[in-house]
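Notes for the one structure printed next.
Taken together, the values in this text are just the output of simple stated rules run on the coordinates, not laboratory data. The structure displayed is predicted, hence computed values, not measured ones. Every residue, glycine as well, gets a Cβ built from its backbone with ideal geometry; the counts of neighbours run over all protein chains shown.
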Amino acid sequence: MTMYVFKSGKSRLLRISALAAVVLLAGCQRPTQLLPAAPIFEIKRVAGPGRDQSEPGSFATQADPAQFSGATTIYFESGVTDLSESARHILDIQAEWLDRHRDVKVLLEGHADEFGSREHQIALGARRAEAMKLYLAARGVAVNRMSVTSFGKQQPAAQGLSEADQKLNRRGETVLLGQSDASQN
Amino acid sequence: MTRFVIPSTLALLAVLTTPTSAQSPLRVDITEGVATPLPIAIPDVAHVSPPARADGEDMGVALSRILRNDLLSTAFYRLVPSNQRSSEEQIVFAPFMQSGAQALVIGRVRAVEGGQLSYDCTLYDVFAGRIAASKPILVRTDQWRRAAHKCADMVFLATTGDPGHFDTRLLSITESDFAAGKAATLSISDYDGASARGLTQGRELVAMPAFAPDGERIVFMSYDTPVPGLVIMDVANGRTAKLNIPGGVVSSPAFSPDGTSVVFSLARDGSANIFAVDIATGAIRQITETIGSNTSPSFSPDGRSIAFESDRSGRQQIYVMGADGSGQRRISFGRGAYASPAWSPLGDEIAFTHIEGGRLRIGVMNADGSRQRFITDGPFDEDASWAASGRAIAYQRRSPDRPSAEVWITDLTGKARHIVRAGSHTSDPAWSGTRP
């Protein structure tokens, strides 16, 4: 099966490798199982800026929702998971857009700054992404359309160690994973 | 003037009175982690024919260099220069005694059948004029470095009473600049950074590697899927198996001391808690259950207790509990936050990352939280991993002027520090136990 991600409102499609979101969500419900099991779905994860977005087989990118909603990234205060007013405003826009594109699924990525232990920042990022999920769910986005992940401080948006740089790393990103919707073609 | 006389008289008395225990006169005197270095002579290792070569170098010279580097990296030894080569004849102690050496390491190396290297390593007590320890070492010729490390381990054990940490390995994560944050390679090397090779292909992000007690298996986090998983790998053949963990974000895996289970942190429903998975059956058990983030579990070497970090009281602090989650109690009470506890292999101490004012540095305290001290000065030092000897710690270091992370090793005083793995961004060190 082929899944698509909307490249823009003008119905350009991006092919992405099969199944990603579906298997991802199924994984959330999995009870204790034996090793080695987990059939791991194949994903060409292409992250970060500078990639060729029309490349077949690539994921939806942060740029995609930007073209729809104007915002894919929200920022957090140091060490917390609280959603600021501006963060909520951006999530409102995302929720509204997701309401109009019900076949699209999202991956919510939590990130954190360098000023904490590696382990703590992973947990913090996961809790930030979970806070985004709760908020979007309250705005009507079905929970089975949302997956949560965390990069902690493993995938910084800014490499510098100054506070100005690290502010940019306390963030939540919404990545679209979608399936073609006839109404959009 | 008397000021100068009195101390030297005392020093003389000390020399005369301390080494009376004839049993172990070669002991390095270590108080509170600070050593009085033992003067040691390490002449170049002698060849017995047929001679062997080490990557184009004279094998005896190469082995001696590695042996010296190993021992001197600890700050427990002071090298006494010696320009003579170990000879096959009887050892003449007088020149070594005159140069002040108390210990002398003599080695003889020869190639043997089957592509192997035979290395006889002998430690002499110079003043007593006798052998203090001796070991025949046999390794595959392509693993010749291990022969020097094994000799260093023997000398370290004989002179400190603790197992050496030289014939060991180091895991680390390397990110190339162009793929920073997108992909990383998990590598394994000797503890000194030599003989490095990649264990993963650098196609996805990997993080937080840890050795099993046997040193043959490792566990690490892999972002081969958008939601990371925990992967167990057999180091020798590269075979992997993914641990099956119910929904959530897993991180911070560590083996139990018996090697049968892996503890980890699982973030879901807005909090992160510590769980354990039985590797054989896949059975998962929850160990902590609080709000906030409970993570970075580290077993005590007897397997009875787990140290971990939790922000249940506000900022991150270090806690200790029974392996079943019983008796959870906070042990860090200083200023700032405490994170990433690592229980020492001897069980008596816990290393940690201290975070205050945006500065991260490595500290050590007793396992009950007492006698806390900092051994690095930051500002971005983290991920402490103990040496098998309990006498050194590997960690990741970054500085504002050199933002790429590097892996360093320090002694417990923080004075004998040296870089081990540099190059592109190298992080997440994990130090193995002594190899069999």
Discussion item. What is the ratio of the Cα radius of gyration of the stretch B:276-333 to 2.2 N^0.38 Å, with N the residue count, to two decimals?
Written reply: 1.15
Item to complete: Work out, step by step, the length gained on full extension between residue B:90 and residue B:196: first 0.36 nm times the residue separation, then minus their alpha carbon distance; give nm to one decimal.
Response: 34.3 nm
Worksheet entry | Rounded tilt (10° steps) of B:144-160 against the dominant C-alpha axis of chain B | 80 degrees
Worksheet item: Averaged across the residues of B:278-287, what count of C-beta atoms belonging to other chains lies within 10 Å of each residue's C-beta?
Response: 2
Worksheet item: Between the stretch A:103-142 and the stretch B:281-298, what's the alpha-carbon centroid distance in Å?
Response: 19 Å
Worksheet item: Where the only charges are on Cβ atoms (+1 Lys, Arg; -1 Asp, Glu), what is the dipole of chain B about its Cα centre, to the nearest 20 debye?
Response: 500 debye
Item to complete: Specify whether the C-alpha gyration tensor of the stretch B:237-312 places it in the rounded, prolate or oblate class, a ≥ b ≥ c being the square roots of the eigenvalues: rounded for a/c under 1.5, otherwise prolate if a/b is larger than b/c and oblate if not.
Response: oblate
Worksheet entry | Quarter of the Cα convex hull surface for the stretch B:112-202, i.e. its orientation-mean projected area (nm²) | 8.4 nm²
Worksheet item: If you build a Gaussian network model of chain B, linking Cα atoms that sit under 10 Å apart, which residue out of B:340, B:370, B:251 swings the most?
Response: B:370
Worksheet item: Roughly what % of Cα-Cα distances in chain B sit above 28 Å, to the whole percent?
Response: 54 percent
Response to the item:
With 0.36 nm assigned to each residue of separation and the Cα-Cα distance removed, residue B:143 to residue B:359 gains 73.7 nm
Worksheet item: Size of the stretch B:304-436 along its principal axes in angstrom, Cα-based, largest extent first?
Response: 44, 42, 23
Fill in: residue B:31 paired with residue B:79, simple spin-label distance in nm, labels 7 Å along Cα-to-beta-carbon
2.8 nm
Response to the item:
Helix B:2-17 sits off the longest principal axis of the Cα atoms of chain B, rounded to the nearest 10 on a 0 to 90 degree scale, by 90 degrees
Item to complete: Could you grab the Rg to Rh ratio for the stretch B:138-246? Cα atoms only, Kirkwood for Rh.
Response: 1.05
Worksheet item: Out of B:28, B:92, B:48, any idea which swings most in a Gaussian network model of chain B, alpha carbons joined below 10 Å?
Response: B:92
Worksheet item: Residue separation times 0.36 nm, minus the C-alpha to C-alpha distance between residue B:203 and residue B:61: what's the value?
Response: 47.1 nm
Worksheet item: Hey, in the GNM for chain B with a 10 angstrom Cα cutoff, which one of B:352, B:374, B:264 fluctuates hardest?
Response: B:374
Worksheet item: Sorted from fewest to most neighbouring beta carbons within 10 Å, what does the list B:302, B:167, A:113, B:29 look like?
Response: B:302, B:29, A:113, B:167
Item to complete: Please find the FRET efficiency linking residue B:346 to residue A:103, where r is the Cβ-Cβ separation and R0 is fixed at 60 Å, and quote it to the nearest 0.05.
Response: 0.55
Worksheet, complete the sentence: Simple spin-label estimate for residue B:285/residue B:329, 7 Å along Cα→Cβ, in nm, reads 2.2 nm
Worksheet item: Which entries of A:167/B:415; A:167/B:182; B:242/B:415; B:182/B:415; B:182/B:242 show an alpha-carbon separation above 29 angstrom in the structure shown?
Response: A:167/B:415; B:242/B:415; B:182/B:415
Worksheet item: Dividing the alpha-carbon Rg of the stretch B:305-356 by 2.2 N^0.38 Å yields what?
Response: 1.08
Worksheet item: What is the magnitude of the charge dipole of the stretch B:185-283 about its Cα centre, with +1 placed on the Cβ of each Lys and Arg, -1 on the Cβ of each Asp and Glu, and no other charges, expressed in debye to the nearest 20?
Response: 280 debye
Worksheet item: Rounded if a/c is under 1.5, else prolate if a/b is larger than b/c, else oblate: which is the stretch B:46-172, with a ≥ b ≥ c the root eigenvalues of its Cα gyration tensor?
Response: oblate
Worksheet item: Going by how many other beta carbons lie within 10 Å of each one, how would you line up A:109, A:163, fewest first?
Response: A:163, A:109
Worksheet item: If you count, for every residue in B:265-275, the Cβ atoms of partner chains within 10 Å of its Cβ, what is the mean?
Response: 5
